[in-house]
Amino acid sequence: MARIKLQKVGDYEWIVPRNAKPCMKTDAIIFADEYLLEKMESDLTLEQAANVACLPGIMLYSYVMPDGHQGYGFPIGGVAGFDAEEGVISPGGVGYDINCGVRILRTNLSVDDVKDKLKELVETIFRNVPSGVGSIGQLKLSFRNLD
């Protein structure tokens, strides 16, 4: 695999330019110091960040936070937003093992609709969304269901 060339933006910000791979629709932005970046370069983190930038409907950028490391498609510590109509929703993008406290939810509610009930909403989601390896939920999906 060819090494991905990075552009240094600042002491803690790097860019994988959209021309790094023909399929990239946007840049990938990496937040890391030299030490963390070296670790990301030693596995598939940067390649995975570039792959996320290839996904349909990606908005703005594919990001990797300082805790980034190789994942199962998305890098762990990867962040990306996608257009609601043209984009994708990927369980691998939000994590499915330890859950990392990340949630994905699409709703037609506005901030004004929920702002007075945020605490109750978060507690209800936490109570009803299984997390952690081996957690048991009411909905069971096979790999085939994820296609």
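Note on Arg144 and Tyr72: the extension gain reaches 24.3 nm, defined as 0.36 nm multiplied by sequence separation minus the Cα-Cα distance.
Setting aside same-chain residues fewer than 8 positions from Lys5, which lysines have a Cα under 16 Å from its Cα? Lys5 reaches Lys21, Lys39.
Within the shell defined by Cβ-Cβ distances under 11 Å, the residues around Tyr12 carry a net charge of -3, with Lys and Arg each +1 and Asp and Glu each -1.
Fewest neighbouring Cβ atoms within 10 Å first, the residues Cys54, Cys23 line up as Cys23, Cys54. Cβ crowding within 10 Å, taken as a proxy for footprinting-reagent exposure, orders Val122, Val52 from fewest neighbours to most as Val122, Val52. Between Asn128 and Ser90, the FRET efficiency from the beta-carbon distance, with R0 = 22 Å, is close to 0.55. In terms of overall dimensions, segment 7-97 has a Cα radius of gyration and Dmax of 12.2, 39 angstrom. The gain in end-to-end length when the Ser110 to Val9 segment is fully stretched comes to 32.8 nm, 0.36 nm per residue minus the alpha carbon separation.
Read-outs: derived from the displayed coordinates by stated rules, not from any lab. Keep in mind the model is a prediction, meaning the values are calculated, not measured. Note that we place each Cβ from the backbone using ideal geometry, even for glycine, and neighbour counts take in every protein chain shown.
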